[in-house]
Amino acid sequence: MAQKILIIDDEIEILNMLKRYFTLDGYDVITAAGGQDARNKLSQQPDIILLDINMPDIDGLSLCKSIRDFISCPILFLTANVEDSDKIKGFSAGGDDYIVKPFSIDELGARVSAHLRRENRGKVKARVLFEDCLAVDYTARAVYWNGQEIPLLKKEFDIIEVLSQNPGQVFDKERLYEAAWGLDGTGNNSVVAEHIRKIRAKFAAIGAKQYIETVWGVGYKWQK
């Protein structure tokens, strides 16, 4: 069965171009000409979403925030904004990647394929229990403390997944960014630090032990 890709953009020319490209590449392509149109098509359960940020009805960041709690698939932002502060806002909203306009359509296709491969690999992992109170379910992509689920965004779980599967191994911010985001470029230190801060806050709120340890001047590791 072909994987479904939902493309959300208010520019019809971009929608048509991307639809032609991904259809020829074997995807089942769903298009939405704006945020409200996209809401009406989410019930088709896409495997990945390409989301323009600057749209007149509902901007991409607001749309991502409003759907992230019940949409687990990767969300890739399409945007002309390239500042670190813009990227932090996008990742904080629940996005998984940034594609900067104008972009290479072949690079976009490669990134979509990489994110989908990563999603498929995650589906075959088994449940792993750490100590007595913490459980990480890699299949369901969920973390539990004393049987109570800790609410995590997708990239927060990705960071936990990378660290927890390599206990005691130190990841500098660049390596952790590349491992969690699946990109080839240089890591964004501020994005990694912000995600780890939020993970720690969520663990603290539920009374859980803090497993992510800072190795000062180097990076982070999962305590053995």
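The values are calculated or read from the model by the stated rules, or taken from the named source; none is laboratory data. Since the structure is predicted, the reported quantities are computational estimates derived from the model, not experimental observations. Cβ: placed from backbone, ideal geometry, glycine included. Neighbour counts: every protein chain shown. Side chains included, ligands, DNA and RNA excluded: accessible areas come from the protein's heavy atoms. Shrake-Rupley method; radii C 1.70, N 1.55, O 1.52, S 1.80 Å.
Computed quantities for the displayed model
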{"quantity": "Qualifying residue in segment 94-107 (condition: modelled with pLDDT under 80 and either more than 22 Å from Q44 (Cα to Cα) or open to solvent by 60 Å² or more (accessible area, probe 1.4 Å) (or both))", "calculated": "no"}
{"quantity": "Selection from segment 7-54 of residues that are closer than 18 Å to F103 by Cα, among the charged types (D, E, K, R) and surrounded by 13 or more Cβ atoms within 10 Å (Cβ to Cβ)", "calculated": "D9, D10, E11, K19, D25, D52"}
{"quantity": "Those residues of segment 146-171 which are among the aromatic types (F, W, Y) and within 24 Å of G217 (Cβ to Cβ), in sequence order", "calculated": "F171"}
{"quantity": "Count of residues meeting criterion [in a helix (DSSP H, G or I), of a type in the set (D, E, K, R) and in contact with a strand residue (DSSP E or B) (Cβ under 8 Å, 6 or more places away or on another chain)] in segment 196-210", "calculated": "2"}
{"quantity": "Lone qualifier among R127, R141, R117 - being out of contact with any helix residue (DSSP H, G or I) (no Cβ under 6 Å at 6 or more places or on another chain) and modelled with pLDDT of 85 or more", "calculated": "R117"}
